[in-house]
1. Residue under question is Ser110, and the condition is that it be at pLDDT 90 or above, hydroxyl-bearing (Ser, Thr, Tyr) and surrounded by fewer than 16 Cβ atoms within 10 Å (Cβ to Cβ); does it hold?
2. May I ask you to verify whether Phe134 is under 23 Å from the mean Cα position of the chain (by Cα), at pLDDT 95 or above and aromatic (Phe, Trp, Tyr)?
3. With the checklist (1) over 19 Å from Asp42 (Cα atoms); (2) of a type outside the set (S, T, N, Q); (3) loosely packed, with under 14 Cβ neighbours inside 10 Å in hand, flag the one item Asp138 doesn't pass.
4. How many of the residues making up the range 55-97 are among the charged types (D, E, K, R), closer than 29 Å to Asp148 by Cβ and surrounded by fewer than 12 Cβ atoms within 10 Å (Cβ to Cβ)?
5. Could you please give the count of residues in the range 21-72 that are of a type in the set (D, E, K, R), modelled with pLDDT of 90 or more and in a helix (DSSP H, G or I)?
6. Give the number of residues within the range 96-140 that are in a helix (DSSP H, G or I) and either closer than 17 Å to Leu58 by Cβ or among the polar types (S, T, N, Q) (or both).
Amino acid sequence: MKRTTGRRCKSCILLIMAGLFLAGWLTGPALAEEQDSPAVMDRIITIRNWKLMKEFNLRGEKAQEVFAVLDEIDARRARLIRKRRQVLQRLRKESSRLDPDEDRLAELISTYLEVMEELAAIPASELAGLEGIFSVRDRARFLLFSQDMAREIRRIMQNRADGRHPRKERGRPSVPESR
């Protein structure tokens, strides 16, 4: 009797794990796609800029300098994200063929890795761009601010993917709190 109960329990656990994996796998691409949309990105940037102004007391010329650097980097990030999406689409199309061209696949993989390296270098570019504008302490605070902002955006986007809307739950705008 214990053996069948143990097997059932293991089967239930495996089914639950498979269901959770499948749910995450299905919502992951939709979440990334929604975050990559221009309207969502514009809203994220607006919230980030508003919080930056508040957190770093940005005004006048200094605010213009900071936002000029960040706007340039945001444009680069958007270009790289579009390129990554295009490479993945071509990779998906080529790899699904019955007789895929191995050289073409290798080229696409290489391009994908280059794009990912460039995307990974963006936080360093942000800090380097802010070097003449922010003090070392403020750049350290900006790094922490960026990490907190990214975490908050992921949380908001995940809530939206799960059908929970922070505005409705809390009765106020879903703007992340500053520290």
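1. When the stated conditions are applied, Ser110 passes them.
2. no
3. (3)
4. Of the residues in that region, 2 qualify.
5. The number of residues fulfilling the criteria is 9.
6. 10
The values are calculated or read from the model by the stated rules, or taken from the named source; none is laboratory data. Remember, it's a predicted structure, so these values are computed and weren't measured experimentally. When we count neighbours, we look across all protein chains shown, and the Cβ atoms used for this are built from the backbone with ideal geometry, even at glycine.
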